[in-house]
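Peer 1: Below you will find the structure I want to go over with you.
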Amino acid sequence: MAMNQQLVDAFNAQIQAEFQSAYVYLGMAAWFTENNLPGFAQWMRVQWEEETQHAMKLFDFLHNRGERVMLRPLSAPGGTYTSALDVFEHVHQHEQSITSSINALYEHALNTKDLPSQIVLQWFINEQVEEEALVIEIIERLKLVGSDGPSIYLLDRQMATRPSAPQEA
Ligand code: FEO
């Protein structure tokens with residue numbers, strides 16, 4: 001069944017938001033590398049992969065529904081941060097805005113009674129809960145270590161152990 005055109009447009013906007021997230025996190029990966037925190041940089045590269053997979057999940061969904069993917073331009077990510085904690089506070093704000101857009105998209109799918117869209121978006125709703133919880137945990141750890149160099153070094157090594165994003169999200 002064809003999708004409501006405004007819902008298709010909203011999915012295309014979400015594809016853009018997920019690719020924009022990937023780009024923001026890639027910028028953060030660069031910042032961490034340039035600030036001698038290779039473990040955090042690796043963590044951000046995995047995040048970049050995950051966001052790309054989120055975008056592609058929606059991309060494939062539109063095609064599976066016989067709809068058109070309309071890729072939109074991305075903007076340059078920010079890039080100046082004062083500390084690892086500052087980076088993760090930006091991540092948290094960013095994820096909260098993504099959660100809002102996913103929730104709005106889900107409401108749109110409810111209002112148009114589009115059941116397949118509701119089901120694919122339920123996966124994203126759960127994913128947002130997990131992502132926000134993960135980021136809050138990292139923020140708490142960063143607050144705990146403060147500016148203690150050896151602790152930041154150990155945390156950086158732990159961050160490096162994040163496994164690559166699974167292929168099927
Ligand atoms: Fe795809 Fe981090 O939201």
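Peer 1: Does Lys113 meet the test of being touching a residue at least 40 places away in the same chain (Cβ under 8 Å) and either surrounded by fewer than 13 Cβ atoms within 10 Å (Cβ to Cβ) or closer than 19 Å to Arg45 by Cα (or both)?
Peer 2: no
Peer 1: Another question, then. List pairs: first residue in the stretch 82-104 and closer than 30 Å to Ser117 by Cβ and in a helix (DSSP H, G or I), second residue open to solvent by less than 70 Å² (accessible area, probe 1.4 Å) and among the aromatic types (Phe, Trp, Tyr) anywhere in the structure, Cβ distance under 6 angstrom, at least six positions apart or on different chains.
Peer 2: Listed pairs, sorted by first residue: Ile102/Phe124.
Peer 1: Can you pull out the residues in the stretch 50-66 that are among the small types (Gly, Ala, Ser) and either open to solvent by less than 30 Å² (accessible area, probe 1.4 Å) or within 16 Å of the ligand (Cβ to nearest atom) (or both)?
Peer 2: Ala55, the sole residue that qualifies.
Peer 1: Which of the numbered conditions does Arg72 fail, given that it passes all the others? Conditions: (1) part of a helix (DSSP H, G or I); (2) under 24 Å from Ala109 (Cα atoms).
Peer 2: (1)
Peer 1: Out of all the residues in the stretch 32-43, which are open to solvent by 30 Å² or more (accessible area, probe 1.4 Å) and either in a helix (DSSP H, G or I) or among the acidic types (Asp, Glu) (or both)?
Peer 2: The answer is Thr33, Glu34, Pro38, Gln42.
Peer 1: Okay, next question. For the stretch 92-144, how many residues meet the condition of being aromatic (Phe, Trp, Tyr) and either under 16 Å from the mean Cα position of the chain (by Cα) or closer than 23 Å to Tyr23 by Cα (or both)?
Peer 2: Residues flagged as aromatic (Phe, Trp, Tyr) and either under 16 Å from the mean Cα position of the chain (by Cα) or closer than 23 Å to Tyr23 by Cα (or both) within the stretch 92-144 amount to 2.
Peer 1: Restricting to the stretch 130-169, what's the tally of residues that are touching a residue at least 24 places away in the same chain (Cβ under 8 Å) and in a helix (DSSP H, G or I)?
Peer 2: Total satisfying the criteria: 14.
Peer 1: Kindly indicate whether Thr80 is at pLDDT below 95 and either within 16 Å of the ligand (Cβ to nearest atom) or closer than 21 Å to Ile152 by Cα (or both).
Peer 2: Yes.
Peer 1: State the number of residues belonging to the stretch 87-110 that are under 21 Å from Met28 (Cα atoms), away from the ligand (no atom under 11 Å from the Cβ) and open to solvent by less than 30 Å² (accessible area, probe 1.4 Å).
Peer 2: 2
Peer 1: Only one of these is surrounded by fewer than 20 Cβ atoms within 10 Å (Cβ to Cβ) and within 14 Å of the ligand (Cβ to nearest atom): Val46, Val8, Val24, Val69. Name it.
Peer 2: On inspection, the qualifying residue turns out to be Val46.
Peer 1: With the condition kept exactly as written, say whether any residue in the stretch 55-78 is in contact with an Asp or Glu (Cβ under 6 Å, 6 or more places away or on another chain) and closer than 30 Å to Asp148 by Cα.
Peer 2: No; the residues of the stretch 55-78 include none that is in contact with an Asp or Glu (Cβ under 6 Å, 6 or more places away or on another chain) and closer than 30 Å to Asp148 by Cα.
Peer 1: For residues in the stretch 133-166 being closer than 20 Å to Ala29 by Cβ and surrounded by fewer than 10 Cβ atoms within 10 Å (Cβ to Cβ), which is modelled with the lowest pLDDT?
Peer 2: Pro166
The values are calculated or read from the model by the stated rules, or taken from the named source; none is laboratory data. Everything numeric in this text was worked out from a predicted model, so none of it was measured. As a convention, Cβ positions derive from the backbone with ideal geometry for all residues, glycine included, and neighbour counts pool all protein chains shown. Please note that ligands, DNA and RNA were not included when accessible areas were found on the heavy atoms of the full protein model with its side chains. Shrake-Rupley method; radii C 1.70, N 1.55, O 1.52, S 1.80 Å.
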